[in-house]
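The values are calculated or read from the model by the stated rules, or taken from the named source; none is laboratory data. Not measured: the values here are computed from a predicted model. Positions of Cβ are backbone-derived with ideal geometry, glycine not excepted, and every protein chain shown enters the neighbour counts.
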Amino acid sequence: MVVYLLEKGTTARKAGGRLIVERKGKQVSSTPIATVERVLIGPLAQVTTQLIFALLQEKADLAFVSGKGRTAGVIETGETTLLSLFSQKRIADCAPLRLELASRLVVEKIRGQRALLLRHCKRLAGEERQAIRETSWGLRALQQKAARAGSVEELRGLEGMVARSYFPALSRL
């Protein structure tokens, strides 16, 4: 499983063998650390040292990404565990699990794209700022559709629609 910690106000900590994610002081997820393969950490997220050590002991990779989505650095364990191979096989063999995972990935990707646009549009004024906000609202609607997608093909179509909106807006920042 990949965990995304990209939004401002997101904190992650270790509690009893679990990775706890909180946003604005409210818990939004609790995941067994042993099931985490990679964590993407944005510049405005907070991660405890105890969690970092626990993730590395479980052979999870950590990727630090900039506010513009570029990789700032990576800590890779370089090991593929038997658990991760079994998890990948189980997901590959089960269409509903494939769809659930793909949907979660697309939803989180769109969430990160929206957060980036909104964070940087604060520097803009007038029509430019409004255009970026409108793009963000459109991306939110697509994000909601992605959460309810009925097939991987539908998700691919939604990702294409997101790209057609997101990248022109990104170039305006």
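Among the residues making up segment 117-173, a single one is basic (Lys, Arg), surrounded by fewer than 11 Cβ atoms within 10 Å (Cβ to Cβ) and within 23 Å of Pro96 (Cα to Cα): Arg148. Checking the structure you have, find out if any residue of segment 40-57 is part of a loop (DSSP other than H, G, I, E, B) and crowded, with 20+ Cβ neighbours inside 10 Å. Yes, segment 40-57 contains a residue that is part of a loop (DSSP other than H, G, I, E, B) and crowded, with 20+ Cβ neighbours inside 10 Å.
Apart from one condition, Ala149 fits all of (1) in a helix (DSSP H, G or I); (2) touching a residue at least 12 places away in the same chain (Cβ under 8 Å); the exception is (1). When restricted to residues that are in contact (Cβ under 8 Å) with a residue 12 or more places away in the chain and assigned to a helix (DSSP H, G or I), segment 111-137 contains 17.
Tell me, yes or no, whether segment 98-121 has at least one residue that is closer than 27 Å to Leu56 by Cβ, in contact with a Phe, Trp or Tyr (Cβ under 7 Å, 6 or more places away or on another chain) and of a type outside the set (Lys, Arg). Within segment 98-121, one or more residues are closer than 27 Å to Leu56 by Cβ, in contact with a Phe, Trp or Tyr (Cβ under 7 Å, 6 or more places away or on another chain) and of a type outside the set (Lys, Arg). Residue-level analysis places Ser171 among those that are under 23 Å from Arg123 (Cβ atoms) and not basic (Lys, Arg). Using the structure shown, decide if Ala72 is modelled with pLDDT under 90, over 23 Å from Gln144 (Cα atoms), part of a strand (DSSP E or B) and not β-branched (Val, Ile, Thr). It is true that Ala72 is modelled with pLDDT under 90, over 23 Å from Gln144 (Cα atoms), part of a strand (DSSP E or B) and not β-branched (Val, Ile, Thr).
Of everything in segment 58-69 that is outside any strand (DSSP E or B) and among the charged types (D, E, K, R), the residue that is modelled with the lowest pLDDT is Lys68.
Got at least one residue in segment 21-35 being assigned to a strand (DSSP E or B), in contact with a Leu (Cβ under 9 Å, 6 or more places away or on another chain) and under 20 Å from Arg119 (Cβ atoms)? Within segment 21-35, one or more residues are assigned to a strand (DSSP E or B), in contact with a Leu (Cβ under 9 Å, 6 or more places away or on another chain) and under 20 Å from Arg119 (Cβ atoms). Within segment 13-33, not a single residue is crowded, with 16+ Cβ neighbours inside 10 Å, more than 30 Å from Arg140 (Cα to Cα) and of a type outside the set (Lys, Arg). Being at pLDDT below 90 and over 15 Å from the mean Cα position of the chain (by Cα), is that true of even one residue in segment 153-170? Yes, segment 153-170 has at least one match. Within segment 87-110, is there a residue that is over 27 Å from Ala169 (Cβ atoms) and part of a loop (DSSP other than H, G, I, E, B)? For segment 87-110, residues over 27 Å from Ala169 (Cβ atoms) and part of a loop (DSSP other than H, G, I, E, B): present.
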